[in-house]
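The values are calculated or read from the model by the stated rules, or taken from the named source; none is laboratory data. Model, not experiment: these values are computed from the prediction. Cβ: placed from backbone, ideal geometry, glycine included. Neighbour counts: every protein chain shown.
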Amino acid sequence: MEIVGSRRKSSLSSAGDAFPTLPLYRSAPVLEVRLEDFELYAIHRLRVLKGISDGLSRGKKPNEMENLIKDLWKVNMMHSEAAEVINKDIISHFVLRLVYCREEELRRWFLSMETTLFRYRFQLETPEAQRALLAEFDLPYKAINNAEYETVKDKLNQVVRSTGQSLSSADTVYYKVPFEQVPELVATRRVYILKGYAYVAMNQVNSLLVTQYRSNLSKALVLTNRKWTSMIREQEKDRLTPIVEALSVSYLGPDYSQSKEYGEISLKDIDQVAKKSFPLCMRHLFGKLKEDHHLKHGGRMQLGLFLKGVGLNLDDALAFWKAEFSRKVGAERFDKEYAYGIRHNYGKEGKRTDYTPYSCQKIITSTPGVGDHHGCPYRHFSEDNLRAALSTMGVGNRAVEDVMDKVRNRHYQLACTLTFEAIHGASCDEGINHPNQYYNDSKKVLESRNNSKGT
């Protein structure tokens, strides 16, 4: 396998450390990849990127993000063989380029997460490796000479002191670049600007590279999309296309199809449990079912599989749905038109597939129509309806504003996480990624609270 760019010794390059040598991903490697690895490597990298997204959404500080990214990489991307780590790194990046090149929203998310990953990885490189990377980018910047440094030295030192940056020998090496190319440094007033140029210290050069890396990757995603739509998608329609199109909405957590951590749920308890431990999407469907005595297909699937996952057995599921639907369509019509679908979800009809409860990602990307009640309330509700629903759940005014802020920024799963934390008075550091996870975590909190009261 040919890796583009020179081999650099990284401060974290051994297999037991956090990162291998940082590649620039300029062109895809020419090698054969097993189909299983093609998908598996992408899933592992996707876990890293989604962890970064969650950390940023939660407002983690730079040092917290650095530790988070190190941990995410170590858990998901490491191998005992250093060479395999490098292969996995490069392969997974290019696979996800295919996955996320296909739509503007997907490209924007992937670009942001990969740029963040690159920034932190670069910061963890040795100074020698950083300089080698700068040379590989072949940027049109040169370090200022001693004479120019002496003329602006006082101003540069003033900037260093005002921002609390640490001084080192590297701080006497400065690059002069157009100020618009280092927006992060300008925004945080960490550079001295003179006549349209920013003086960037060697230890700040990551901002230069990050800007260039982001620009290169953005252009590459557009080109990849053209190749995908014009050639690759059709050529690989039976092999790679299904994998690529599924990965962007794939759920990467536990399988809740058989998860009955708290035993089977009883029909006599279901109303009370729904109020205490169902996430908003399922509470809404449950409430509409009780109110209208009917749900369209999307709602039946979303709520039905969720109930299956929390422990409602097939006999009780049939009894539950029949009791509600019979009040509107009658028992005979229910048996003819709806009972089959419920048995099908439990793997007792048709192909006898044991269907899995829907993840947050699947629910968020659904498109409910008129008269539908499935989907994610944080995405699909109006602001007034969402505020009312949160208030009904017992979310306080201040927490509601925090939730709405996340919704406006399209962090729907984090909005659900904040709702959970506000209702239960407990943190959920891993975030909510699945309605059945919400249910299980809720039961844990309530059970722990009840046990504490009993002792």
Legend entry - Residues satisfying the stated conditions in the stretch 123-139, i.e. surrounded by fewer than 20 Cβ atoms within 10 Å (Cβ to Cβ) and either touching a helix residue (DSSP H, G or I) at 6+ places or on another chain (Cβ under 7 Å) or within 17 Å of Ser53 (Cβ to Cβ) (or both): Gln123, Pro127, Leu134, Phe137, Leu139
Inset, instruction - Might you check whether a residue that is closer than 13 Å to Phe306 by Cα and crowded, with 19+ Cβ neighbours inside 10 Å occurs anywhere in the stretch 334-344? - result: yes
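Listed here are the residues, each with its yes/no results for (1) part of a loop (DSSP other than H, G, I, E, B); (2) in contact with a strand residue (DSSP E or B) (Cβ under 8 Å, 6 or more places away or on another chain); (3) not hydrophobic (A, V, I, L, M, F, W, C).
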site	(1), (2), (3)
Gly350	yes, no, yes
Gly375	yes, no, yes
Arg379	no, no, yes
Leu386	no, no, no
Ser391	no, no, yes
Inset, instruction - Any chance you could count how many residues in the stretch 217-249 are surrounded by 16 or more Cβ atoms within 10 Å (Cβ to Cβ) and among the small types (Gly, Ala, Ser)? - result: 2
Legend entry - Leading residue by the ranking (farthest from the chain's Cα centre (by Cα)) among those in the stretch 419-444 that are modelled with pLDDT of 95 or more and among the hydrophobic types (A, V, I, L, M, F, W, C): Ile423
Inset, instruction - Kindly indicate which of Pro435, Pro377 is farther than 20 Å from Gly253 by Cβ and crowded, with 17+ Cβ neighbours inside 10 Å. - result: Pro377
Inset, instruction - Give me the pairs, please: first residue somewhere in the stretch 327-345 and part of a helix (DSSP H, G or I), second residue anywhere and surrounded by fewer than 12 Cβ atoms within 10 Å (Cβ to Cβ), beta-carbon distance under 7 Å, and either six or more positions apart or on two chains. - result: His344/Gly350
Legend entry - Count of the stretch 300-320 residues which are surrounded by fewer than 22 Cβ atoms within 10 Å (Cβ to Cβ) and part of a helix (DSSP H, G or I): 10
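Being in the same structural domain as Cys281 (by TED's automatic domain parsing), small (Gly, Ala, Ser), closer than 20 Å to Leu303 by Cα and surrounded by 14 or more Cβ atoms within 10 Å (Cβ to Cβ): is that true of Gly369 here?
Working: in the same structural domain as Cys281 (by TED's automatic domain parsing): yes; small (Gly, Ala, Ser): yes; closer than 20 Å to Leu303 by Cα: yes; surrounded by 14 or more Cβ atoms within 10 Å (Cβ to Cβ): no.
Taking the combined requirement at face value, the residue does not satisfy it.
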Legend entry - Matching helices (runs of 4 or more DSSP H) fully within the stretch 5-123 where at least 1 residues are more than 17 Å from the chain's Cα centre (by Cα) and modelled with pLDDT of 90 or more: 62-77, 82-100, 104-123
Inset, instruction - For the stretch 52-64, state whether one or more residues are among the aliphatic types (A, V, I, L, M), assigned by TED's automatic domain parsing to the domain that holds Asn225, touching a Phe, Trp or Tyr at 6+ places or on another chain (Cβ under 7 Å) and crowded, with 16+ Cβ neighbours inside 10 Å. - result: no
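Taking Arg283 as the residue in question, decide whether it is among the basic types (Lys, Arg), assigned by TED's automatic domain parsing to the domain that holds Thr115, in contact with a helix residue (DSSP H, G or I) (Cβ under 7 Å, 6 or more places away or on another chain) and surrounded by 12 or more Cβ atoms within 10 Å (Cβ to Cβ).
no
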Inset, instruction - For Val395, work out the one condition from (1) in a helix (DSSP H, G or I); (2) surrounded by 13 or more Cβ atoms within 10 Å (Cβ to Cβ) it doesn't fulfil. - result: (1)
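Before we move on, is Gly350 surrounded by fewer than 18 Cβ atoms within 10 Å (Cβ to Cβ), under 30 Å from Thr419 (Cβ atoms) and free of Cβ contacts under 8 Å to residues at least 12 places away in the same chain? Give the steps one after another, and end with the answer.
Working: surrounded by fewer than 18 Cβ atoms within 10 Å (Cβ to Cβ): yes; under 30 Å from Thr419 (Cβ atoms): no; free of Cβ contacts under 8 Å to residues at least 12 places away in the same chain: yes.
So Gly350 fails the test.
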Inset, instruction - Confirm whether Val407 is in a helix (DSSP H, G or I), in contact (Cβ under 8 Å) with a residue 24 or more places away in the chain and surrounded by 15 or more Cβ atoms within 10 Å (Cβ to Cβ). - result: yes
Legend entry - Test: Leu446 is crowded, with 19+ Cβ neighbours inside 10 Å, aliphatic (A, V, I, L, M) and part of a helix (DSSP H, G or I): no
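One line per residue, one yes/no per condition, for (1) over 27 Å from Ile52 (Cβ atoms); (2) assigned to a helix (DSSP H, G or I):
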residue: Tyr141; (1), (2): yes, no
residue: Ala147; (1), (2): yes, yes
residue: Asp154; (1), (2): yes, yes
residue: Val160; (1), (2): yes, yes
residue: Leu185; (1), (2): no, yes
residue: Asn216; (1), (2): no, yes
residue: Lys219; (1), (2): no, yes
residue: Asn225; (1), (2): no, yes
residue: Arg233; (1), (2): yes, yes
Inset, instruction - Output the residues belonging to the stretch 272-296 that are farther than 17 Å from Ile423 by Cβ and either β-branched (Val, Ile, Thr) or touching a residue at least 12 places away in the same chain (Cβ under 8 Å) (or both). - result: Leu285, Lys288, Leu289, Lys290, Asp292, His293, His294, Leu295, Lys296
